[in-house]
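The values are calculated or read from the model by the stated rules, or taken from the named source; none is laboratory data. Remember, it's a predicted structure, so these values are computed and weren't measured experimentally. So basically every Cβ, Gly included, is an ideal-geometry build from the backbone, and we count neighbours across all protein chains shown.
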Amino acid sequence: MKIGILGGGQLGRMLLQAAANYTVDTYVLENDPNCPSAHLCHNFIKGDITDFDAVYQFGKNLDAITIEIESVNVDALEKLQSEGVKVYPHPSAIRIIKNKITQKQFYKDNGIPSSEFVITESKEDLLNHLSFLPAVHKIGEGGYDGKGVQIINNEFDLDKAFSAASVLEKKVTIKKEIALIVAMNDKGETAIFPASEMMVNPALNLLDYQISPALIPEKVLWVVEAVAIKLVKALSSPGLFAVEMFIDQNDEVWVNETAPRVHNSGHHTIEANYCSQYDMLWRIMLQYPLGNTEPILPAAIVNIIGEEGFSGNAVYEGLEEVLKTDNAFVHLYGKLTTKPGRKMGHVTIMHKDYQDLTHKANKIKNTLKVKAN
Ligand SMILES: Nc1ncnc2c1ncn2[C@@H]1O[C@H](COP(=O)(O)OP(=O)(O)OP(=O)(O)O)[C@@H](O)[C@H]1O
Ligand SMILES: [Mg+2]
């Protein structure tokens, strides 16, 4: 089979690593010929994933196509689907998710718990919704890595609001932030990975590390899994979906957002689960049985992020020490240059004991630094 991936970032790279176990001819469309995926696929095509013609030409001779980022040309994917190319996930699902306004409306229409919201078109619009505060303002399209999100606690924060079409949603008092990956094949069979928990550094509001399986009471877990399955069934599309959720102070569950693709919250599944999220997506696209999502050991993911104050050719400080750690698996994404905040890689650590796991994750976080020469 000939299968294409739109986007050539690290998610595509890890997807391609998993493809090497199967008989599949891989294609990548991406503008940057030195992107993390460029040298791992069989066929690299330089082009713009948001451009109709580029996506259509790329896809028209393929058997199936998937995405590693959702800002793609959905019109072209729809045309390809109508001409018989299999698209994972369906363009209809990408279209709903791609815009935070249609995504929130979808949750509302399908009885998926997600915090109450209003739609705003301009900064001034927020003046009509002061009673809605504290809230979170999210730009409809074009936001990524938290850049399209502003917390509006009170009227003094209003200048942080977006002037484009956006969602203003009630701020949830978060106890835990989790993510769950759900896989669905063409027959509608589903498999669900154990939830991952995001450990956030409250001082910096940065994602510090993730652990999986998340430590949540069984009763809450039932709700979390039921909501995630209901959501994916409502999207009624095969593929892999990462559902980000909040658990609030009363143990109520709220969907934050969904990613219709392999996800950073599932990196650890490469080593820590019998079937990884990447392997799972190939199984779906190649029409093989779904894999076993069970964890082998609890795991933590530490992101390797470009250090503040360093830009240029990347140098990894502390790498040897991390590589000496038992059950620590280093993944560098093949990006030659670093800049502050750039995701350069991750480390997965596995340990049966959660306290040791947390301790090791913190140690790795403080040891491994991306600088530049
Ligand atoms: N309704 C909410 N109440 C409280 N906090 C929120 C709410 N919505 C978002 N946040 C916080 O803001 C973060 C980023 O929001 P969101 O996931 O929607 O944005 P994003 O741009 O997709 O970011 P990322 O790419 O990091 O996932 C969340 O992980 C959460 O910590
Ligand atoms: Mg998010």
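Does residue 183 satisfy the condition of being under 30 Å from residue 79 (Cβ atoms), in the same structural domain as residue 295 (by TED's automatic domain parsing), of a type in the set (Gly, Ala, Ser) and touching a strand residue (DSSP E or B) at 6+ places or on another chain (Cβ under 8 Å)?
Yes; evaluated as a whole, the condition is true for this residue.
Could you check residue 130 against (1) within 16 Å of ligand 2 (Cβ to nearest atom); (2) surrounded by fewer than 14 Cβ atoms within 10 Å (Cβ to Cβ) and say which number it fails?
With respect to (1) within 16 Å of ligand 2 (Cβ to nearest atom); (2) surrounded by fewer than 14 Cβ atoms within 10 Å (Cβ to Cβ), residue 130 is out only on (1).
Here is a yes/no grid of residues against (1) of a type outside the set (Asp, Glu); (2) outside the structural domain of residue 285 (by TED's automatic domain parsing); (3) buried (at least 16 other Cβ atoms within 10 Å of the Cβ):
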residue: 11; (1), (2), (3): yes, yes, yes
residue: 30; (1), (2), (3): no, yes, yes
residue: 35; (1), (2), (3): yes, yes, yes
residue: 40; (1), (2), (3): yes, yes, yes
residue: 44; (1), (2), (3): yes, yes, yes
residue: 64; (1), (2), (3): yes, yes, yes
residue: 75; (1), (2), (3): no, yes, no
residue: 82; (1), (2), (3): yes, yes, no
residue: 104; (1), (2), (3): yes, yes, yes
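Residue 326 fails exactly one of the following numbered conditions: (1) touching a residue at least 12 places away in the same chain (Cβ under 8 Å); (2) within 20 Å of residue 212 (Cα to Cα); (3) not polar (S, T, N, Q). What is the number of that condition?
(1)
A quick yes/no check of all residues on (1) within 12 Å of ligand 1 (Cβ to nearest atom); (2) in contact with a Leu (Cβ under 7 Å, 6 or more places away or on another chain); (3) in the same structural domain as residue 254 (by TED's automatic domain parsing):
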| site | (1), (2), (3) |
| --- | --- |
| 108 | no, no, no |
| 120 | no, yes, no |
| 127 | no, no, no |
| 131 | no, no, no |
| 139 | yes, no, no |
| 149 | yes, no, no |
| 153 | yes, yes, no |
| 158 | no, yes, no |
| 161 | no, yes, no |
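When the residues of the stretch 345-357 are filtered to those that are part of a loop (DSSP other than H, G, I, E, B) and charged (D, E, K, R), which remaining residue is surrounded by the fewest Cβ atoms within 10 Å (Cβ to Cβ)?
The selected residue is 352.
Of the residues that sit in the stretch 254-271 and are away from ligand 2 (no atom under 16 Å from the Cβ) and crowded, with 19+ Cβ neighbours inside 10 Å, which one is farthest from residue 171 (Cα to Cα)?
Of everything passing the filter in the stretch 254-271, 270 is farthest from residue 171 (Cα to Cα).
What are the residues in the stretch 90-139 that are more than 30 Å from residue 284 (Cα to Cα) and part of a loop (DSSP other than H, G, I, E, B), if any?
Result: 115, 116, 121, 122, 123, 133, 134.
Kindly evaluate residue 274 against the criterion of being at negative phi and without any contact (Cβ under 8 Å) to a residue 60 or more places away in the chain.
For residue 274, the condition - at negative phi and without any contact (Cβ under 8 Å) to a residue 60 or more places away in the chain - is met.
I'm trying to understand the selection: among the residues of the stretch 169-179, which are more than 14 Å from ligand 2 (Cβ to nearest atom), surrounded by 12 or more Cβ atoms within 10 Å (Cβ to Cβ) and not in a strand (DSSP E or B)?
The answer is 171, and nothing else.
Looking for something basic (Lys, Arg), closer than 24 Å to residue 234 by Cα and buried (at least 17 other Cβ atoms within 10 Å of the Cβ) - is there at least one such residue anywhere in the stretch 107-125?
no
I need a count of the residues in the stretch 68-94 that are of a type outside the set (Asp, Glu) and closer than 20 Å to residue 233 by Cβ.
10
Condition check: within 16 Å of ligand 2 (Cβ to nearest atom) and among the acidic types (Asp, Glu). Does residue 141 satisfy that?
So residue 141 fits the description; yes.
Could you list, in sequence order, all residues of the stretch 205-228 that are under 17 Å from residue 104 (Cα atoms) and away from ligand 1 (no atom under 16 Å from the Cβ)?
None; the set is empty.
When the stretch 163-174 is examined, which residues are found to be within 11 Å of ligand 1 (Cβ to nearest atom) and farther than 18 Å from residue 103 by Cα?
173, 174
Search the stretch 84-98 for residues being without any contact (Cβ under 8 Å) to a residue 40 or more places away in the chain and within 20 Å of residue 140 (Cα to Cα), and hand back the single one that is surrounded by the most Cβ atoms within 10 Å (Cβ to Cβ).
For the stretch 84-98, the residue satisfying everything is 91.
Does residue 139 fit the bill of being surrounded by fewer than 16 Cβ atoms within 10 Å (Cβ to Cβ), among the hydrophobic types (A, V, I, L, M, F, W, C) and without any contact (Cβ under 8 Å) to a residue 60 or more places away in the chain?
It is false that residue 139 is surrounded by fewer than 16 Cβ atoms within 10 Å (Cβ to Cβ), among the hydrophobic types (A, V, I, L, M, F, W, C) and without any contact (Cβ under 8 Å) to a residue 60 or more places away in the chain.
I'd like to verify a number: residues in the stretch 150-168 that are in contact with a helix residue (DSSP H, G or I) (Cβ under 9 Å, 6 or more places away or on another chain) and either within 16 Å of ligand 2 (Cβ to nearest atom) or closer than 23 Å to residue 255 by Cα (or both), how many?
Going through the stretch 150-168 one residue at a time, the tally reaches 8.
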